[in-house]
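Step one of this worksheet: look at the structure below.
The values are calculated or read from the model by the stated rules, or taken from the named source; none is laboratory data. Because the structure is predicted, anything quoted here is derived from the model rather than measured. Using ideal geometry, Cβ is built from the backbone for each residue, glycine included, and neighbour counts are taken over all protein chains shown.
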Amino acid sequence: MSRAPEPVQVIKQRRDAALQALVSASPYIRFLGVRFDRRGDELTAVLPYDDKLIGNPMLPALHGGATAAFLEVTAVIGMAWAHYWPDFESGRLDPQRMAAGELPRLPKTIGLTVDYLRSGLPRDAYARAQIVRSGRRYASVRSEAWQDNVDRPIAHATVHFRMPLAGEETA
């Protein structure tokens, strides 16, 4: 006797709840206002415009630190999402327990290189992460941010992570 597949809406709700739990656990992500748009397993980070993100009010331009933080956050959440995807799908990581504070350990940043390509304007920014290498102990992710046109990035980053080892995957 096989078990009936879960309704699509239940699966979508579980995925959205898991993503929300990962994102809302970080005070820094909440401070920046970063949110994620999920389509299947693909994530697009959104950094809504806020006056506090402006570094040079004379231009005005996004602060380089806010841009770097946005790229790092995109890479961390993108890497964690990919790393824990099988656990979200199987139900081993329960979004309700995650929302209550039982979160998986996030990858630890051990290196970050940012290339600033053009000034970030006072408007929303978007970013996506692409995993370059993912192993048991180490991962490398490239993230890219843009504003109006995905083909005209404002910055990109390479982020290196130490991955949580087996047995230390829960916080």
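A few points about this structure:
- When residues in the stretch 121-164 are screened for being crowded, with 19+ Cβ neighbours inside 10 Å and modelled with pLDDT under 95, 2 of them pass.
- Strands (runs of 3 or more DSSP E) within the stretch 1-97 that include 2 or more residues surrounded by fewer than 20 Cβ atoms within 10 Å (Cβ to Cβ) and in contact (Cβ under 8 Å) with a residue 12 or more places away in the chain: 35-39, 42-47
- Residue in the stretch 124-142 that is on the phi < 0 side of the Ramachandran plot and in contact with a His (Cβ under 6 Å, 6 or more places away or on another chain) present: yes
- In the set (1) assigned to a strand (DSSP E or B); (2) free of Cβ contacts under 8 Å to residues at least 12 places away in the same chain, GLY111 fails one condition alone, (2).
- Residue count for the stretch 100-111, restricted to those that are of a type outside the set (S, T, N, Q) and surrounded by fewer than 16 Cβ atoms within 10 Å (Cβ to Cβ): 7
- All positions within the stretch 143-161 that are assigned to a strand (DSSP E or B) and more than 12 Å from ALA68 (Cα to Cα): TRP146, HIS160, PHE161
- Failed item, numbered, when GLU102 is tested on (1) under 30 Å from LYS12 (Cβ atoms); (2) without any contact (Cβ under 8 Å) to a residue 40 or more places away in the chain; (3) part of a loop (DSSP other than H, G, I, E, B); (4) not basic (Lys, Arg): (2)
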